1. Taking residue 413 and the conditions (1) over 21 Å from the mean Cα position of the chain (by Cα); (2) not in a loop (DSSP other than H, G, I, E, B), which numbered condition does it fall short on, given that it satisfies the others?
2. Looking at (1) modelled with pLDDT of 90 or more; (2) touching a helix residue (DSSP H, G or I) at 6+ places or on another chain (Cβ under 9 Å); (3) under 30 Å from residue 471 (Cβ atoms); (4) not in a strand (DSSP E or B), can you tell me which one residue 364 breaks?
3. Is there a residue in the range 344-359 that is surrounded by 22 or more Cβ atoms within 10 Å (Cβ to Cβ) and either more than 20 Å from the chain's Cα centre (by Cα) or modelled with pLDDT of 90 or more (or both)?
4. Could you say which residue among 430, 454 is within 30 Å of residue 369 (Cα to Cα), touching a Lys or Arg at 6+ places or on another chain (Cβ under 8 Å) and acidic (Asp, Glu)?
5. Against the conditions (1) among the basic types (Lys, Arg); (2) closer than 27 Å to residue 231 by Cα; (3) touching a residue at least 60 places away in the same chain (Cβ under 8 Å), where does residue 442 fall short? Just the number, please.
6. Which residue, of 209, 214, is modelled with pLDDT under 95, surrounded by fewer than 18 Cβ atoms within 10 Å (Cβ to Cβ) and over 19 Å from residue 287 (Cα atoms)?
7. Quick one: which helices (runs of 4 or more DSSP H) lie wholly within the range 164-250 and hold at least 2 residues that are at negative phi and within 25 Å of the chain's Cα centre (by Cα)?
8. Pick out the one residue from 409, 437 that is out of contact with any Lys or Arg (no Cβ under 7 Å at 6 or more places or on another chain) and buried (at least 22 other Cβ atoms within 10 Å of the Cβ).
Amino acid sequence: MAADSGKKLFVGPRFRRIRQQLGLSQTQIAEGLGISPSYVNLIERNQRPVTAQILLRLAETYDLDLRDLATADEDRFFAELNEIFSDPLFRQIDVPKQELRDLAELCPGVTHALQRLYAAYTEARQGETLAAAQMADRDIGTRYEANPVERVRELIEANRNYFPELEQAAETLRDELNVPAEGLYAALVARLREKHSIQTRIMPVDVMRETLRRFDRHRRQLLISELVDPAGRAFQLAFQLGLGECAQHLEAIIGRAGPLDDTPRRLFRITLGNYFAAAVMMPYPAFLAAAEALNYDIHLLAQRFNSGFEQVCHRLTTLQRPNARGIPFFLLRVDNAGNVSKRFSSGTFPFSKFGGTCPLWNVHSTFDTPDRLLKQVIELPDGTRYFSIAQMVRRPVVPHPLPQPRFAIGLGCEMRHAARLVYASGMDLEKTEGTPIGVNCRLCERENCAQRAEPPITRTLILDETTRRVSSFAFSNAREL
């Protein structure tokens with residue numbers, strides 16, 4: 001989006017998304033940019049251009065990176081469209097890549113609608129006939145939520161995983177408590193007791209059984225299993241406080257999401273409650289300052305804020321406050337079968353929404369080296385490079401002989417930010433060879449990959465009984481149309 005001072009750009013949808021992500025009204029952003037609210041309205045409707053001067057003023061006033069403004073959301077939307085239109089369903093439709101980019105940039109709402117339709121289609125295709133039947137039984141005007149988990153992920157991505165109301169409420173609470181990290185648990189216990197008449201009790205596992213936290217509304221008791229570690233106990237108390245003290249903020253955020261079925265609405269509220277809890281444990285100003293001073297050393301941050309490795313990694317993906325932004329990280333959590341249970345990004349990493357991840361990404365290798373933090377430079381087929389770290393985490397403790405849950409956390413950022421990380425110290429980032437990975441096998445067109453689990457859906461499979469290649473699948477170089 002950088003341009004010479006005389007160039008005019010029509011970027012209405014992009015400008016509107018930026019304003020909404022900043023949590024500003026048209027009047028507020030107009031005051032900040034020194035233009036009229038009516039002109040802002042015309043800009044957002046693509047009836048007036050945005051000059052380079054306005055863009056530069058926007059970047060300076062709200063501490064925005066023009067490179068991010070030009071690519072962050074559009075790259076994510078383009079990746080989603082590219083994944084959808086690679087499906088054999090569209091093999092007879094040759095949609096040029098530039099048209100997909102234009103659609104992603106100018107019509108993000110249409111991109112979002114296509115993604116939701118495709119999600120519903122893939123679920124029905126995979127045999128979820130009950131969901132399809134429910135769709136058929138409903139009134140024509142009734143909405144259908146194909147997958148509540150994906151729907152909530154979309155809402156988080158739409159907000160760049162940053163919710164200013166919850167951040168401010170968390171900071172206010174920490175200021176009122178006025179305790180160091182090691183005293184937070186006791187302070188939260190007292191807050192629940194004195195302000196909400198809720199007693200906190202740590203309960204034996206034989207009483208709680210498979211439950212880690214339960215709020216008994218009748219007895220006004222918050223019951224936490226003894227299996228939960230100290231960081232998790234503080235988190236659960238902060239979550240309970242968030243549901244009570246931030247109910248108005250939670251409903252306002254949910255209300256902005258538009259009409260939602262009951263399941264995604266509840267899931268979104270829980271997710272926002274978790275966000276608030278993390279913000280209470282790791283208040284934004286103190287956490288960002290420590291992250292920058294420690295060069296994003298996750299283990300040191302966990303020690304300083306009495307938090308867990310996963311909690312810190314997750315918190316790092318939320319540092320997108322205007323005028324005080326951290327590195328835009330992406331995060332992935334997988335189990336040892338490759339199932340993705342968490343996916344967050346404040347950057348541009350093109351996560352797949354309809355498949356797994358690339359086995360060459362060393363996030364999967366952490367299960368073989370459970371006590372080591374692995375680092376890796378990865379490179380996508382388009383040449384984009386990222387720096388990532390990964391480590392296995394165990395949570396929570398379980399009684400013998402049940403297997404303890406294990407997950408791998410992958411955290412990464414664009415290479416232009418890698419030099420700020422302690423994990424890249426001593427590395428020649430320009431010369432370090434990147435591991436070639438794909439988004440997932442069904443979309444990756446790299447040839448001769450020994451790890452390939454299936455052929456790309458954009459290519460024609462070649463079968464030859466006289467030849468055995470390194471890869472289990474050979475395919476043509478020509479795209480299927």
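1. (1)
2. (2)
3. No, the range 344-359 contains no residue that is surrounded by 22 or more Cβ atoms within 10 Å (Cβ to Cβ) and either more than 20 Å from the chain's Cα centre (by Cα) or modelled with pLDDT of 90 or more (or both).
4. Of the residues listed, the single one that is within 30 Å of residue 369 (Cα to Cα), touching a Lys or Arg at 6+ places or on another chain (Cβ under 8 Å) and acidic (Asp, Glu) is 454.
5. Only one criterion is unmet by residue 442, namely (2).
6. Details: 214 fails: modelled with pLDDT under 95.
Criteria check complete, one pass: 209.
7. Numbers: elements: 164-177, 184-196, 205-208, 230-245.
Filter on the range 164-250 gives 164-177, 230-245.
8. Working: 409 fails: out of contact with any Lys or Arg (no Cβ under 7 Å at 6 or more places or on another chain).
Being out of contact with any Lys or Arg (no Cβ under 7 Å at 6 or more places or on another chain) and buried (at least 22 other Cβ atoms within 10 Å of the Cβ) holds for just one of 409, 437, which is 437.
The values are calculated or read from the model by the stated rules, or taken from the named source; none is laboratory data. In this text the structure is predicted, and so the values were computed from the model without any measurement. Note that each Cβ is placed from the backbone with ideal geometry, even for glycine, and that neighbours are counted across all protein chains shown.
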